Amino acid sequence: MAVPRAGARWLPAALLALSPLAAMAQPVDGCPPYSVQDNRAPHYPPSELWRLLGYTINVIIEVDACGRVTGARIERASGVVALDAAALAAARAWTVPPHYRGQPRYRLPFVFEPLPEALPAQERWRPHDPFFEERSSGRVPMPAPDAHGALPGYIADPYPIGFLQIPEAVAAIGPLALFRRYGSQANFWLRDEEGLSLFQLEGPMMVRNRLVSDGRHRFVVTSVLCGNDLEACRQALAELRAARGPQQPVATDDSAQP
């Protein structure tokens with residue numbers, strides 16, 4: 001999926017603070033003028049929005065006396081290569097504001113949130129299929145993780161997407177969902193009785209990514225609705241499966257309870 005460039009609506013990622021790790025160098029005169037507009041926060045890559053989870057990535061930067069970055073590294077990898085790369089790229093272009101200078105190293109915490117804005121729960125009625133109650137429970141058995149604790153990026157939803165045809169799905173969720181377009185892909189975020197879902201429509205198929213839990217961990221399951229061209233849909237689905245990296249299950253608030 002193409003990444004939107006200038007003029008497109010990127011999802012915001014907030015810089016929390018600058019935290020010096022050690023004192024050493026002092027700022028000197030003769031530095032280039034500083035402009036806060038030059039420090040740009042990274043954005044959630046649209047190709048990773050299916051994860052439906054937020055991440056905070058700390059980047060350790062080394063700077064010169066003028067606050068310009070001379071080196072950067074991820075303090076702890078998020079497990080999502082594209083997010084780590086976006087955080088590193090943003091940090092390398094950073095300049096420490098003058099009133100923070102005087103340290104050789106800083107910690108930049110970048111917050112990535114998949115939702116473009118607050119998403120209120122929708123309680124308006126929409127058609128219910130026979131599996132509405134199962135999806136509304138939000139419970140799905142979690143597959144066995146690999147040796148690193150990761151799950152496949154594509155886990156088939158045990159329940160169907162909830163619609164029989166793509167036009168029917170768009171008509172039902174369109175008025176209720178938060179809509180954004182990234183390149184050729186239409187994205188519909190919906191929070192309702194079935195929990196949080198991201199419907200993605202591109203080419204011959206609609207994909208539904210649903211945040212679920214097994215009672216101890218949260219993770220994402222995916223279902224697909226094909227259009228009229230079934231062969232093109234099969235090919236698109238195969239490409240989707242191949243493109244997705246692994247996902248890390250996230251402990252729920254009550255996972256520590258017996």
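The values are calculated or read from the model by the stated rules, or taken from the named source; none is laboratory data. What you are looking at is a predicted structure, and each value in this text was computed from that prediction instead of being measured. Neighbour counts run over all protein chains shown; Cβ positions are idealised from the backbone, glycine included. Each accessible area value is taken on the protein alone, full model and side chains, heavy atoms only, with ligands, DNA and RNA left out. Shrake-Rupley method; radii C 1.70, N 1.55, O 1.52, S 1.80 Å.
Just one residue in the set A177, A242 is closer than 15 Å to P114 by Cβ and of a type outside the set (F, W, Y); that residue is A177.
Based on this model, can you work out whether A242 counts as in contact with a strand residue (DSSP E or B) (Cβ under 9 Å, 6 or more places away or on another chain), open to solvent by 20 Å² or more (accessible area, probe 1.4 Å) and more than 24 Å from F132 (Cβ to Cβ)? Against the criterion (in contact with a strand residue (DSSP E or B) (Cβ under 9 Å, 6 or more places away or on another chain), open to solvent by 20 Å² or more (accessible area, probe 1.4 Å) and more than 24 Å from F132 (Cβ to Cβ)), A242 does not qualify. Please verify whether segment 118-136 includes one or more residues that are surrounded by 13 or more Cβ atoms within 10 Å (Cβ to Cβ), at positive phi and modelled with pLDDT under 95. No; the residues of segment 118-136 include none that is surrounded by 13 or more Cβ atoms within 10 Å (Cβ to Cβ), at positive phi and modelled with pLDDT under 95. With respect to (1) touching a residue at least 12 places away in the same chain (Cβ under 8 Å); (2) farther than 18 Å from N39 by Cα; (3) open to solvent by 30 Å² or more (accessible area, probe 1.4 Å), the lone exception for A144 is condition (1).
In a residue-by-residue description of segment 211-225, the property of being surrounded by 14 or more Cβ atoms within 10 Å (Cβ to Cβ) and more than 18 Å from R135 (Cα to Cα) applies to no position. Only one entry of A85, A118 meets the criterion of being assigned to a loop (DSSP other than H, G, I, E, B) and free of Cβ contacts under 8 Å to residues at least 12 places away in the same chain, and that entry is A118. In this structure, E62 does satisfy being more than 20 Å from the chain's Cα centre (by Cα), over 17 Å from D192 (Cα atoms) and of a type in the set (D, E).
Among the residues of segment 70-87, those identified as over 21 Å from P249 (Cβ atoms) and open to solvent by less than 30 Å² (accessible area, probe 1.4 Å) are G71, A72, A86, A87.
Restricting segment 88-107 to residues that are without any contact (Cβ under 8 Å) to a residue 40 or more places away in the chain and among the hydrophobic types (A, V, I, L, M, F, W, C) leaves a set whose member that is least open to solvent (accessible area, probe 1.4 Å) is A91. Answer yes or no as to whether P158 is under 21 Å from the mean Cα position of the chain (by Cα) and either more than 30 Å from I57 (Cα to Cα) or not basic (K, R) (or both). No; evaluated as a whole, the condition is false for this residue. So is L190 in contact (Cβ under 8 Å) with a residue 12 or more places away in the chain, under 19 Å from E48 (Cβ atoms) and open to solvent by 20 Å² or more (accessible area, probe 1.4 Å) or not? No, not satisfied.
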